Amino acid sequence: MTDHKRQHFVPQFYLRRFSQDGKSINVFNIKSKRSILKAPIKGQCYRDNFYGKDRVVEKALSQLEAEMSRVLKSVQSQGALPKRSSHDLNTFFSYVLFQHSRTEQFIGAYESQIEGVVKRLVNPTMEAKGYSPEELAKVRVGLKEGPRFMLKQTAMSLPLFFDLSCKLVRITSAQEFVTSDSPVVFYNQLLSFQKTGGAGIASKGLQVFFPLDPKHLAILYDKDVYRVGSPHSHLIEISNNDDVRELNRLQFVHALHNVYFSADAYSAVEAYYECRKYRTSMQFNSNTHLVKKTEEGRQEILAISQYRPRTNLNLSFVRLLGPAKKWSRDFQKLRMRPLHGAVRNQQVIAEHKIFINLVEQGRYQISEFGKYLREKYQDGVLK
């Protein structure tokens, strides 16, 4: 009998792609610093009723997972990602973004952010009413249905994700990719000089790394910032062990509890100790900026930025383009940087904001951003 309480935030179909027998998988547990060979897949990456007891969200995710499973089988057999603007590529991008936002780690960090923001806004008032800092420290603030809320936010943000380019990376040597309980990694080499920011869905210079199986990995990237592989090919073949090590390091650094691997002989503990200095928890930071102060009170802008681990990523097949290097130098010289950070396309964000308002008015469905653009612009393309 199926255990409907057990809801996976990294689905079993995906973990089976790193399995030798389809039922078990090799696990490196970060807390114990040891490997467990042939652990049951059904016992990985789940929480009871993670998406709710009514199973509405779980069923919707299951439909996306079934589509993605079909797409990944095609990618493996054809040695290529789906074609641009195809239904399969839309499925691929949608799955990648939802997978990024549905993990225990991401949702936990998001809920911590909510608690931090609320306390930052409310605590001064509560202290003025006589509550001590010790009493306020015991107060816990959270979302009643965190995963469900986060996935709704992700669905609303999907149109800001589809402008990324993508390529398939394939290992031609004996090395293999690993994965983890947080398999989709957001990174930004362009903004590596910043301690926070740069990993938002619409960030300029965003890079996304997602292992598909032990031999294949997808990279999504800002084409105006990076040259990735040959401009004449959508496939990148690597035999450089350093490249594989760099990409696997992203999984070890971003994992919450477990890293998963296929080959029994893989030395996970050695790989972990090589990169543990980069491990730090994902978190959201909030800062207030005074706008106006009057006798009645004050106006502040609350800026939220996300901190993610950095690994000094260096890949032989990724290069910053010349204009991006110049932009980075000029951006670093700015005394006051934009509170919203650097974005890939400000016009898309503006149009998306209008679109979301129209969705809330019932004039469009959340999946109809393309329809909205076609109706507003003759060819449906932003200039």
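Here the condition is being within 30 Å of residue 32 (Cβ to Cβ), of a type in the set (A, V, I, L, M, F, W, C) and touching a strand residue (DSSP E or B) at 6+ places or on another chain (Cβ under 6 Å); of 259, 253, 228, it holds for 259 alone. A single member of 41, 36, 114, 30 is open to solvent by 30 Å² or more (accessible area, probe 1.4 Å) and at pLDDT 90 or above, and it is 36. Check the stretch 190-197 and report whether any residue there is among the basic types (Lys, Arg) and more than 18 Å from residue 280 (Cβ to Cβ). Among the residues of the stretch 190-197, not one is among the basic types (Lys, Arg) and more than 18 Å from residue 280 (Cβ to Cβ), which makes the answer no. In the set 259, 228, only one residue is open to solvent by less than 10 Å² (accessible area, probe 1.4 Å) and touching a Ser or Thr at 6+ places or on another chain (Cβ under 7 Å); that residue is 259.
With respect to the stated conditions, residue 53 is of a type outside the set (Asp, Glu), assigned to a loop (DSSP other than H, G, I, E, B) and either over 24 Å from residue 251 (Cβ atoms) or within 19 Å of the chain's Cα centre (by Cα) (or both). Only one of the numbered conditions (1) modelled with pLDDT of 95 or more; (2) part of a loop (DSSP other than H, G, I, E, B) is violated by residue 169, and that is (2).
Suppose the filter is modelled with pLDDT of 90 or more and surrounded by 18 or more Cβ atoms within 10 Å (Cβ to Cβ); does residue 77 pass it?
In short, no.
Among the candidates 319, 363, the residue that is among the charged types (D, E, K, R), under 22 Å from the mean Cα position of the chain (by Cα) and either within 17 Å of residue 156 (Cβ to Cβ) or at pLDDT 90 or above (or both) is uniquely 319. Pairs meeting the criteria (first residue in the stretch 249-265 and closer than 13 Å to residue 275 by Cα, second residue open to solvent by 40 Å² or more (accessible area, probe 1.4 Å) and not aliphatic (A, V, I, L, M), beta carbons under 8 Å, at least 6 apart or on different chains) are 249/274; 249/278; 252/276; 252/279; 253/278; 253/279.
Kindly provide the set of residues from the stretch 242-275 that are of a type in the set (A, V, I, L, M) and either assigned to a loop (DSSP other than H, G, I, E, B) or over 19 Å from residue 210 (Cβ atoms) (or both), ordered by number. Lay out the reasoning, then the answer.
Of the residues in the stretch 242-275, the ones of a type in the set (A, V, I, L, M) are 244, 247, 250, 253, 255-256, 259, 263, 265, 268-269, 271.
Those that are of a type in the set (A, V, I, L, M) and either assigned to a loop (DSSP other than H, G, I, E, B) or over 19 Å from residue 210 (Cβ atoms) (or both): 255, 256, 263, 265, 268, 269.
Before we move on, is residue 284 modelled with pLDDT of 95 or more and either outside any helix (DSSP H, G or I) or open to solvent by less than 40 Å² (accessible area, probe 1.4 Å) (or both)? For residue 284, the condition - modelled with pLDDT of 95 or more and either outside any helix (DSSP H, G or I) or open to solvent by less than 40 Å² (accessible area, probe 1.4 Å) (or both) - is not met. Just one of the numbered conditions (1) over 20 Å from residue 152 (Cα atoms); (2) open to solvent by 30 Å² or more (accessible area, probe 1.4 Å) is not true of residue 71: (2).
Sub-7 Å Cβ pairs linking a first residue in the stretch 47-61 that is touching a residue at least 40 places away in the same chain (Cβ under 8 Å) to a second residue that is β-branched (Val, Ile, Thr), at least 6 apart or interchain, are 51/57, ordered by first then second residue. Say whether the condition of being touching a helix residue (DSSP H, G or I) at 6+ places or on another chain (Cβ under 7 Å) and of a type in the set (S, T, N, Q) is met by at least one residue in the stretch 241-263. Yes: the stretch 241-263 contains one or more residues that are touching a helix residue (DSSP H, G or I) at 6+ places or on another chain (Cβ under 7 Å) and of a type in the set (S, T, N, Q). The single condition among (1) at pLDDT 95 or above; (2) more than 18 Å from the chain's Cα centre (by Cα); (3) open to solvent by 40 Å² or more (accessible area, probe 1.4 Å) that residue 276 does not meet is (1). Every condition in (1) open to solvent by less than 10 Å² (accessible area, probe 1.4 Å); (2) more than 20 Å from residue 68 (Cβ to Cβ); (3) touching a Leu at 6+ places or on another chain (Cβ under 6 Å) holds for residue 202 except the one numbered (1). Of all residues in the stretch 1-23, those being open to solvent by less than 10 Å² (accessible area, probe 1.4 Å) and in contact with a Lys or Arg (Cβ under 6 Å, 6 or more places away or on another chain) number 1. Do we find a residue being among the β-branched types (Val, Ile, Thr) and either at pLDDT below 95 or farther than 22 Å from residue 100 by Cβ (or both) anywhere in the stretch 175-196? Within the stretch 175-196, one or more residues are among the β-branched types (Val, Ile, Thr) and either at pLDDT below 95 or farther than 22 Å from residue 100 by Cβ (or both).
The values are calculated or read from the model by the stated rules, or taken from the named source; none is laboratory data. In this text, all values refer to a predicted model and were calculated from it rather than measured experimentally. A quick note on method: Cβ atoms are made from the backbone with ideal geometry, for glycine too, and the neighbour counts reach across all protein chains shown. Note: areas computed on protein heavy atoms with side chains; ligands, DNA, RNA excluded. Shrake-Rupley method; radii C 1.70, N 1.55, O 1.52, S 1.80 Å.
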